[in-house]
Amino acid sequence: MTRHRSGVAPVLATWTTLALCCALPSAARAEALPEALAKAYQTNPQLNAERARQRATDENVPQALAGYRPQIVASLSAGLQSVRNLLPDNTIQTANLKPWIIGVTVSQTLFNGFRTANNVRAAELQVQSGREALRNVGQGVLLDAVTAYTNVLANQSLVEAQRSNVAFLRETLSVTQRRLNAGDVTPTDSAQAEARLNRGLSDLNAAEVALAVSQAIYAQVIGNAPSQLRAAEVVDRYLPKSREDALTMAIRQHPAVMAAGFDVDVASTNIRVAEGALLPSASVQGSASKSRNNDPTLGTFAEDQASIVANVTVPIYDGGQAAAQTRQAKEITAQSRLVLDQVRNQARTAAVSAWVANEGAKIAVSASESEVKAATVALQGVQREAAGGQRTTVDVLNSQADLIQAKARLIGANRDRVIASYTLLSAVGHLDVKTLSLNTPDYLPEVHYQQVRDAWHGLRTPSGQ
């Protein structure tokens, strides 16, 4: 029995040493979750693509404003003309002519059934809807970044836990084999220890594979491979205080709900655009031209013209096209209102789910911590009893398996706790750079909008493309 005690002591020492080794790297980790979120906000391709889409949407406004502005067209025609004339006295006259004409036309719409004003209004509402859609994509990218970050952290911890488990099982197998040689245990004990070691090696391999996958996803979302990560913190200080507050904030402030509301306004405005085709329109057109012709048989050699003409048109019947477009716009508006109701219901459901999940994650962490403490005490007790001959090798192995499973559940619970808090913040529409106070400039879509809204000309974008 003395030999048995001396074998168990190294197992305890090995477990303690490995636990300390697992704790030391966390103190040296340098990259925090806010830094990773800032990188994702700056470099994520999905988010940058959505920003480019929003900049393209901004251009709808100057396109609509073009309806208020004059249209100017210049024209020039010139060429060679060969003439052969048969005169009454049967003589033939030929000439090679070089006629040309140059002119300019200016057109200005005075009234078009308020379609220009309504097109401008619809374009502005599309910009507002696009901004909310951009904000929603930003929330999704930040939440993906949180998930990627915490998955790497959790999988790193799982790998370390499985490595310590393998080390424990190796030492246990070594002790069991020494006891087998001494005649204290049977070959069954040795086989059980060897089987558990192989299972531990398989679990370690699975954890390492999961870690490699999570690291690849991290690089995809955040833009660089993970280095040394610090423990992620929850964002409870930014969360609503009650479930009812979460519901109210989600319905009123979630970007998906706000974007759907703007879409309803766009559809309503498009009804007036369609109805404008049934109203009269008025325009004025001015033109000036100069022409030259050197045909000697013509009465004029040069002609200069200038005119200004006002046009008023009143639609009487267009085959029913405008009426069909108006009815279509009304149905689209009805659809948009139903979509708004659907998005509100989805936001409400997401807020309730996120609130419940966050509260449940708190309980899971507390329970897992207690389980780990109890499993640790149980393993130590089983080891002491095994040293006294009151427990078998399989009892020690089972207790160790219980501890590893408890540690895995605690690691998963801590990961889920962080993700749940950020998910709730996203569900109420506040997962953004400003709320989190990230160390990165906030992307302001209104800057580009103001740069292009009143642009009368220019082919280059504000960024110089």
Checklist entry - How many residues does the range 176-210 contain that are open to solvent by 50 Å² or more (accessible area, probe 1.4 Å), part of a helix (DSSP H, G or I) and not polar (S, T, N, Q)? => result 12
Next on the checklist: Condition check: closer than 30 Å to Gly276 by Cβ, of a type in the set (D, E, K, R) and either in a helix (DSSP H, G or I) or touching a Ser or Thr at 6+ places or on another chain (Cβ under 8 Å) (or both). Does Lys362 satisfy that?
Outcome noted: no
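Can you tell which of Thr349, Thr393 is among the polar types (S, T, N, Q) and open to solvent by less than 40 Å² (accessible area, probe 1.4 Å)?
Thr393 is the lone residue from the list that is among the polar types (S, T, N, Q) and open to solvent by less than 40 Å² (accessible area, probe 1.4 Å).
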Checklist entry - Would it be correct to say that Ser157 is out of contact with any Ser or Thr (no Cβ under 7 Å at 6 or more places or on another chain), of a type in the set (Gly, Ala, Ser) and open to solvent by less than 40 Å² (accessible area, probe 1.4 Å)? => result no
Item to check | Odd one out for Arg391, checked against (1) assigned to a helix (DSSP H, G or I); (2) in contact with a helix residue (DSSP H, G or I) (Cβ under 7 Å, 6 or more places away or on another chain) | outcome: (1)
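Yes or no, residue by residue, for (1) part of a strand (DSSP E or B); (2) in contact with a strand residue (DSSP E or B) (Cβ under 7 Å, 6 or more places away or on another chain); (3) open to solvent by less than 30 Å² (accessible area, probe 1.4 Å); (4) closer than 30 Å to Val152 by Cβ:
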{"site": "Ala231", "(1), (2), (3), (4)": "no, no, no, yes"}
{"site": "Asp245", "(1), (2), (3), (4)": "no, no, no, no"}
{"site": "Ile251", "(1), (2), (3), (4)": "no, no, no, no"}
{"site": "Gln285", "(1), (2), (3), (4)": "yes, yes, no, no"}
{"site": "Ser291", "(1), (2), (3), (4)": "yes, yes, yes, no"}
{"site": "Gln305", "(1), (2), (3), (4)": "yes, yes, no, no"}
{"site": "Val312", "(1), (2), (3), (4)": "yes, yes, no, no"}
Item to check | Condition met for Asp263 (in contact with a Ser or Thr (Cβ under 6 Å, 6 or more places away or on another chain) and of a type in the set (D, E, K, R)) | outcome: yes
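Here is a list: Gln400, Gln321. Which entry is open to solvent by 70 Å² or more (accessible area, probe 1.4 Å), over 34 Å from the mean Cα position of the chain (by Cα) and farther than 30 Å from Ile101 by Cβ?
On inspection, the qualifying residue turns out to be Gln321.
Out of Ala256, Ala267, which single residue is at pLDDT 95 or above, within 20 Å of the chain's Cα centre (by Cα) and within 30 Å of Arg327 (Cα to Cα)?
When all the criteria are applied, what remains is Ala256.
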Checklist entry - Is it fair to say Ala78 is open to solvent by less than 70 Å² (accessible area, probe 1.4 Å), modelled with pLDDT under 95 and over 52 Å from the mean Cα position of the chain (by Cα)? => result no
Item to check | Options Val106, Val83, Val61: the member that is surrounded by 12 or more Cβ atoms within 10 Å (Cβ to Cβ) and assigned to a helix (DSSP H, G or I) | outcome: Val61
Item to check | In the range 411-465, the residues that are among the β-branched types (Val, Ile, Thr) and assigned to a helix (DSSP H, G or I) | outcome: Ile411, Val418, Ile419, Thr423, Val433, Thr435, Val447, Val452
Next on the checklist: So, Lys362, is that one within 30 Å of Leu201 (Cα to Cα), in contact with a helix residue (DSSP H, G or I) (Cβ under 8 Å, 6 or more places away or on another chain) and open to solvent by 50 Å² or more (accessible area, probe 1.4 Å) or not?
Outcome noted: no
Next on the checklist: Any residue at all in the range 408-429 that's open to solvent by 30 Å² or more (accessible area, probe 1.4 Å), under 19 Å from the mean Cα position of the chain (by Cα) and free of Cβ contacts under 8 Å to residues at least 60 places away in the same chain?
Outcome noted: no
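The values are calculated or read from the model by the stated rules, or taken from the named source; none is laboratory data. Since this is a predicted model, take the numbers as computed values, not measurements. Cβ: placed from backbone, ideal geometry, glycine included. Neighbour counts: every protein chain shown. The area values use the complete protein model at the heavy-atom level, side chains included, leaving out ligands, DNA and RNA. Shrake-Rupley method; radii C 1.70, N 1.55, O 1.52, S 1.80 Å.
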